[in-house]
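The structure appears below as structure tokens.
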Amino acid sequence: MATYLAGRVIYAIVAIFIISVISFILIQAPPGDYLTAQVTRLQGSGLKLDEAQLENLKAQYGLDKPLHVQYFRWVGQMFRGNFGYSFYYRFSVVYLLAAYMPFTIILALITLAFIYIVSIPIGIISAVKQYSVLDYVFTILGFIGLAIPNFVLALVVMYFFYKTFGISIGGLFSREYVDAAWSLAKFGDLVRHLWAPVIVVGVAGTAGIIRVIRATMLDELGRDYMQVARAKGLSEFKLIMKYPVRVALNPILSTIGWQLPNIIGYFVIAGIVLNLPIIGPVLLNALTAQDMYLAGAIILLLSVMTVIGTIVSDIFLAMADPRIRYY
Amino acid sequence: MRYWRSIIAVVLLVAAAAMTAAAYQEAPMFEKLVAEGKLPPVAERLPENPRVLTPIDSIGRYGGTAHVYSNSQFWLWSGEMVGFEWLTTINPDYTWGTPNILESVEYDPGTSFMTLNLRKGLKWSDGVEFTSADFMYHWQFVANNKEIYPTLPDFYQVNGIPLDMNALDDYTVVLDFFGQPNSLFFNNLATTTTAQDWQWWFGMFQPAHHAKQFHPSFIGVDEANDQAAAAGYASWVQWYWDNTGCYFSMQDKPYTATAPTLTAYVCVERTPEQAVYERNAYYWKVDTAGNQLPYIDRIILHFVESTDVLDGKIISGEVDAEWISASLDSLPVYVDNEELGDYSVLMWETPAMSCLELNLTHPDLAIRAIFNDLRFRQALSLAIDRDELNEATALGLATPRSMSVPVESPYYVEGGDTAYIEYDPTTAEGLLDAMGLDQKDADGFRLRSDGERLRLTIESAEIAAGLELIREYWRDVGIDVELKAQTQDLLNERVAANLIDIMPGGVEFNIEPSFSTLPQFYVPLTYTWPGLWGNQWALYYNTDGAQGLEPPAEIQALQDWYNEIKTTATVEDRIAPAQNIMASMRDNIWQIGLLGGQPSLVIVKNDLKNVPEAALMTWDLSRMVPYNPSTWYFEAREAITEAWPDRF
């Protein structure tokens with residue numbers, strides 16, 4: 001187990017390094033850079049900037065150096081805890097991550113919990129009661145959830161919440177609580193606003209997991225060991241929970257690692273529509289503005305989360321299913 | 001009778017004089033601070049001769065917090081309620097130079113000396129006096145610093161000769177143009193566009209007492225470099241700008257962390273979610289009753305992620321004022337919810353207009369020849385049904401127009417806005433046939449002289465509904481047009497590389513000061529985005545003939561007229577060359593005008609007073625600046641009596 005773990009960690013470090021190089025190159029791949037993008041906007045409104053001034057600005061921003069020099073400067077600074085400066089937001093990247101990450105993680109965890117709590121029981125029921133009314137209802141609901149783009153659902157839910165409960169449109173807090181110190185009232189306000197994003201993003205995630213569990217369960221339900229166990233007089237509930245469910249959870253456990261970054265990904269568009277103070281919309285802004293240090297830091301952070309999550313789920317899997325071998 | 005009248009007049013004059021000399025009133029927020037001695041009395045905070053503003057409806061009352069919204073972190077334009085302050089202002093009626101920060105400006109066209117007179121006792125928001133030293137500091141250590149500006153900013157030069165700046169005393173700055181006539185410099189005193197330097201709109205001065213703490217000439221090069229590196233900057237210049245910044249509202253860092261300002265408000269808190277602004281204790285304007293402005297205590301600028309969210313905030317009545325992101329597309333929704341949200345939708349005018357730019361210096365010689373045939377441009381213009389376009393894209397609220405400045409402009413020429421705008425596809429087809437595009441292929445599309453089908457592509461950052469209509473209009477007269485959406489970045493590169501056939505364009509700032517400063521939509525002057533139509537001619541102009549294409553005589557004339565405008569002795573002398581430019585546009589259809597005069601929406605809560613019902617909205621006038629948001633007030637919102645913690 002120790003060598004297995006050590007091996008995984010080494011792979012992880014290599015993977016993160018490669019990801020950091022690729023993401024840095026990809027961010028820089030579109031034509032132009034942050035500066036040219038902004039200068040263009042200003043030129044549209046009559047700014048005159050000659051070549052010498054533009055070159056000077058590039059030097060001031062460190063954008064005149066070759067790509068690999070910029071990359072190593074970026075990575076070198078990162079080891080000293082300096083993630084650079086966001087040109088677009090005009091805050092340090094560390095400050096922005098600290099401002100946005102906590103809510104991002106809280107929201108993602110709550111959504112993840114919502115997805116599992118809803119989808120695992122439904123998956124089990126629709127497998128056990130295959131082709132029953134319940135199965136059909138859940139299947140239809142699940143597919144609808146999967147098919148509706150979540151920004152559309154977001155708009156509908158937002159309008160509904162505003163019209164029926166008078167909850168202000170967008171955001172995680174009402175205006176008066178955004179800046180207020182934490183209190184019971186502020187917490188209540190947060191809970192009132194949390195519903196919409198959790199449902200909007202959760203519904204799509206739920207549908208997929210229901211299908212996975214249902215399919216794996218169906219494979220297991222017909223197996224011979226089920227007959228044997230029944231013959232031996234095991235109660236139906238205990239039988240299902242102890243054997244097929246355990247097997248059906250395997251695919252869930254092995255994907256748990258990238259569920260978190262996945263959900264953060266779902267939240268990019270939904271986050272814009274719902275105006276959530278989370279990292280998804282920030283990433284999109286950073287990418288469109290070619291704000292490379294900010295975009296790079298976020299992508300790297302999400303990658304690190306994925307890699308660590310994968311290691312964790314590998315360990316879970318090895319523990320939950322003795323048939324899985326590791327090298 | 002007459003005798004009595006003059007006595008009354010004298011009495012009124014004396015009363016007015018007595019009033020200005022008498023106590024000024026201030027907001028409740030500062031009363032306690034003055035009593036505690038933390039802040040000097042209001043009379044000492046105001047200059048000897050404050051600018052007096054006349055509120056358009058009524059004298060206001062102090063109080064309230066205004067909530068405004070922005071969907072961009074980079075452009076804090078919705079923070080415009082905080083205000084811009086220029087040395088002088090241009091007025092919507094084209095009159096020039098109402099003194100603002102300055103008390104007066106004297107300009108002698110004969111000697112070309114310009115004298116700027118400062119208001120005695122005007123103070124920065126930290127209480128330090130604003131003097132000619134702030135101009136001289138900027139001139140010596142910023143404008144002429146080779147690391148900040150490798151070349152002296154354009155507007156400090158006339159015909160390549162730099163001006164010279166001198167301070168006569170603390171309150172008088174003299175600019176010497178060395179005999180070069182330069183009425184254009186009035187633009188730079190009163191402008192949003194010409195005095196722009198990258199992301200800082202700096203004007204001609206900086207708070208010297210503050211900025212010196214960040215300048216290598218005062219703290220040493222090593223110290224500046226070290227501090228900049230420690231703060232994560234690639235160079236001291238960016239660090240310098242971030243800490244000294246510009247002197248007005250774009251400042252987006254908490255007051256204690258950034259430079260003092262001259263605006264009505266100072267920033268007291270800034271997070272990625274919002275910026276909070278509070279009244280400037282040293283603001284140098286009063287109303288006609290002697291109340292120190294502004295009336296509104298605080299402004300909170302909330303950042304939202306999209307215009308959809310902004311629309312949601314508007315209809316639910318959370319937005320106190322909005323004039324930048326409110327779009328015409330959403331007008332029906334805004335109007336439907338007016339009562340529920342307790343706001344009003346005002347329709348202001350704009351001088352803006354939209355057009356299509358044909359690349360007249362196209363790299364493909366066959367296409368270039370076709371585009372340069374006047375009959376082709378006339379035909380394309382006649383083939384467009386602008387009334388339908390108006391209904392489909394602007395709810396019928398715009399006006400069909402050919403490319404022109406507004407009728408109110410002194411540069412307008414007769415017929416400039418109506419050239420070839422009628423919908424006449426038959427005449428259009430006739431013109432196309434006459435110019436030799438009469439051969440068609442099996443699909444009914446016209447062939448070029450070399451037998452190939454004439455295919456044109458309109459490229460833009462987004463495919464708007466209007467473009468789809470135009471494609472159909474032009475296909476109807478036999479021209480094969482395709483639409484192609486690109487990212488803005490790619491579009492920029494393709495414009496600079498001169499690869500584009502046709503691009504939608506438009507001029508948002510169609511009056512002074514942009515017109516004289518850079519009439520790039522009427523004269524080929526820009527070879528990067530948005531300068532497509534005379535791309536290579538503009539390159540030729542900008543490189544003194546080293547690169548690009550030599551322009552034909554009529555384009556040469558346009559550029560010569562522009563050179564003339566740049567160096568006239570007086571503002572009036574510009575009218576003749578500017579009218580020549582407009583007449584050339586009318587006669588040659590250099591660009592195909594579409595719609596103009598589209599209304600600009602201004603949304604205000606019903607308890608916000610002193611906002612004009614209708615007015616002209618344009619970035620040329622710095623949008624709201626002529627309408628003085630510092631005189632706006634809330635009918636009944638409570639006054640804030642405590643200043644922001646730790647501010648004083």
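Restricted to the stretch B:301-322, and to residues there that are acidic (Asp, Glu), in contact (Cβ under 8 Å) with a residue 24 or more places away in the chain and within 7 Å of chain A (Cβ to nearest Cβ), the residue that is nearest to residue B:336 (Cα to Cα) is B:318. Pairs linking a residue in the stretch B:513-536 that is at the interface with chain A (Cβ under 8 Å from one of its Cβ atoms) to a residue that is aliphatic (A, V, I, L, M), with Cβ atoms under 6 Å and 6 or more positions apart or on different chains, are B:526/B:538; B:528/B:496; B:529/B:495.
When residue A:91 is tested against (1) within 30 Å of residue B:273 (Cβ to Cβ); (2) more than 24 Å from the chain's Cα centre (by Cα), just one condition goes unmet, and that condition is (2). Scanning the stretch B:369-415 for residues that are over 18 Å from residue B:328 (Cβ atoms) and surrounded by fewer than 16 Cβ atoms within 10 Å (Cβ to Cβ) returns B:369, B:372, B:374, B:407, B:408, B:410, B:414, B:415. Being more than 14 Å from chain A (Cβ to nearest Cβ) and out of contact with any Phe, Trp or Tyr (no Cβ under 6 Å at 6 or more places or on another chain): is that true of residue B:349 here? It is true that residue B:349 is more than 14 Å from chain A (Cβ to nearest Cβ) and out of contact with any Phe, Trp or Tyr (no Cβ under 6 Å at 6 or more places or on another chain).
Filtering the stretch B:335-344 to residues that are out of contact with any helix residue (DSSP H, G or I) (no Cβ under 6 Å at 6 or more places or on another chain), in a helix (DSSP H, G or I) and not charged (D, E, K, R) leaves B:335, B:340. Filter the stretch B:537-584 for residues that are crowded, with 18+ Cβ neighbours inside 10 Å, of a type in the set (Ser, Thr, Tyr) and not in a helix (DSSP H, G or I) and give the result. Residue satisfying the conditions is B:568 alone. The single condition among (1) outside the structural domain of residue B:408 (by TED's automatic domain parsing); (2) modelled with pLDDT under 90 that residue B:490 does not satisfy is (1).
Scanning the stretch A:224-232 for residues that are buried (at least 20 other Cβ atoms within 10 Å of the Cβ) and either in a helix (DSSP H, G or I) or in contact (Cβ under 8 Å) with a residue 24 or more places away in the chain (or both) turns up nothing. None of A:152, A:118, A:128 is within 14 Å of chain B (Cβ to nearest Cβ) and not acidic (Asp, Glu) except A:152. Listed by position, the helices (runs of 4 or more DSSP H) enclosed by the stretch B:22-138 that each have at least 1 residues that are free of Cβ contacts under 8 Å to residues at least 12 places away in the same chain are B:28-35, B:42-45.
Filtering the stretch B:330-366 to residues that are surrounded by fewer than 19 Cβ atoms within 10 Å (Cβ to Cβ) and among the charged types (D, E, K, R) leaves B:336, B:338, B:339, B:342, B:349, B:364. Among the conditions (1) within 14 Å of chain A (Cβ to nearest Cβ); (2) among the hydroxyl-bearing types (Ser, Thr, Tyr); (3) under 20 Å from the mean Cα position of the chain (by Cα), the only one that residue B:543 does not satisfy is (3). Residue B:331 passes every criterion in (1) in contact with a helix residue (DSSP H, G or I) (Cβ under 9 Å, 6 or more places away or on another chain); (2) touching a residue at least 60 places away in the same chain (Cβ under 8 Å); (3) not assigned by TED's automatic domain parsing to the domain that holds residue B:521 apart from (1). Just one of the listed residues (A:296, A:265) is surrounded by fewer than 17 Cβ atoms within 10 Å (Cβ to Cβ), within 17 Å of the chain's Cα centre (by Cα) and closer than 28 Å to residue A:197 by Cβ, namely A:265. A single member of A:46, A:32, A:62 is at pLDDT below 65 and either at the interface with chain B (Cβ under 7 Å from one of its Cβ atoms) or under 36 Å from the mean Cα position of the chain (by Cα) (or both), and it is A:46.
All of B:525, B:539 fail the test of being farther than 28 Å from residue B:597 by Cα, among the aliphatic types (A, V, I, L, M) and in the same structural domain as residue B:369 (by TED's automatic domain parsing), apart from B:539. Residue under question is residue A:323, and the condition is that it be in a helix (DSSP H, G or I) and over 30 Å from residue A:173 (Cα atoms); does it hold? Criteria not met by residue A:323. Within the stretch A:178-195, being in contact with a Gly (Cβ under 9 Å, 6 or more places away or on another chain) and at pLDDT 75 or above holds for one residue alone: A:193. When you look at residue B:166, is it surrounded by fewer than 17 Cβ atoms within 10 Å (Cβ to Cβ) and either free of Cβ contacts under 8 Å to residues at least 60 places away in the same chain or within 14 Å of another protein chain (Cβ to nearest Cβ) (or both), yes or no? So residue B:166 passes the test. Do we have residue A:269 as more than 20 Å from residue A:315 (Cα to Cα), within 14 Å of chain B (Cβ to nearest Cβ), touching a helix residue (DSSP H, G or I) at 6+ places or on another chain (Cβ under 9 Å) and in a helix (DSSP H, G or I) here? The answer is yes for residue A:269.
Just wondering, is there one or more residues in the stretch A:66-86 that are touching a Lys or Arg at 6+ places or on another chain (Cβ under 7 Å), assigned to a loop (DSSP other than H, G, I, E, B), more than 7 Å from chain B (Cβ to nearest Cβ) and at pLDDT below 80? Among the residues of the stretch A:66-86, not one is touching a Lys or Arg at 6+ places or on another chain (Cβ under 7 Å), assigned to a loop (DSSP other than H, G, I, E, B), more than 7 Å from chain B (Cβ to nearest Cβ) and at pLDDT below 80, which makes the answer no. So, in the stretch B:468-496, of the ones that are in contact with a Leu (Cβ under 8 Å, 6 or more places away or on another chain) and assigned to a helix (DSSP H, G or I), which residue ends up farthest from the other protein chains (Cβ to nearest Cβ)? That would be B:474.
The values are calculated or read from the model by the stated rules, or taken from the named source; none is laboratory data. Computed from a prediction, not measured in an experiment: that's the story for all the values here. Heads up, the Cβs are rebuilt from the backbone with ideal geometry, glycines too, and the neighbour counts pull from every protein chain shown.
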